[in-house]
Amino acid sequence: MRKLRKPVSVGLAGLALFVLTACGGASTSNQPAAVITPACVNASAPNKAHVVVEHQSGTTVDRCVGFTTAKANGAGLMTASGIDFKTQHFSFGDAACAIDSEPASYSTCLPQGAPYWALWTSTGGGPWVMAQTGFAAVLVANGDALGWRYTPSTETNPAPPPPAKK
């Protein structure tokens, strides 16, 4: 397996802007289609957004992240969520190669004919819209969500992840 670079760091200034809200739990493989979504508990963060990850098995992780800026970028939101992810840079931006240990290993990011992480966004609790950029370029505001679904390559019209919990 070749070594890919770590996710984009939000730097010291970014770290001061993001306050991780302990809002979610790890997915559990013995409970397919389970959604683990405690409410946001960080009262000091004026803005909150969710990261929703749906595995191929149907297991879902929903993490709430509090932040103090008006908007947060996707890379900062993913980092603050505590969900493990690996990326690779492409011409369109950074792509997710693995999220929350799926796939468990890989030799190529976004290989032909294999499942991939489809990226979705939701504005203000509205419907999911497939992202048209790499996740680091996505900006979210209070009440928005960043969604990932591990999508089979045979799915011509990828379905979005389940809605973020409030």
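The values are calculated or read from the model by the stated rules, or taken from the named source; none is laboratory data. Fair warning: this is a prediction, and the values are worked out from it, not measured in the lab. All Cβ positions, glycine included, derive from the backbone under ideal geometry; neighbour counts span all protein chains shown. Heads up: the accessible areas ignore ligands, DNA and RNA and are worked out on the full protein's heavy atoms, side chains in. Shrake-Rupley method; radii C 1.70, N 1.55, O 1.52, S 1.80 Å.
In the set (1) open to solvent by 10 Å² or more (accessible area, probe 1.4 Å); (2) modelled with pLDDT under 50; (3) among the hydroxyl-bearing types (Ser, Thr, Tyr), Thr21 fails one condition alone, (1).
When the residues of segment 70-128 are narrowed to those that are out of contact with any strand residue (DSSP E or B) (no Cβ under 7 Å at 6 or more places or on another chain) and of a type in the set (Ser, Thr, Tyr), which ends up farthest from Asp144 (Cα to Cα)? Taking the candidates together, the pick is Ser107. Please verify whether segment 142-153 includes one or more residues that are within 30 Å of Ala45 (Cα to Cα), β-branched (Val, Ile, Thr) and in contact with a strand residue (DSSP E or B) (Cβ under 6 Å, 6 or more places away or on another chain). No, that holds for no residue.
Looking across segment 133-166, just one residue is more than 22 Å from Asp94 (Cβ to Cβ) and aliphatic (A, V, I, L, M), and that is Ala159.
Scanning segment 77-94 for residues that are buried (at least 18 other Cβ atoms within 10 Å of the Cβ) and under 24 Å from Pro163 (Cβ atoms) returns Leu77, Met78, Thr79, Ala80, Ser81, Ile83, Phe85.
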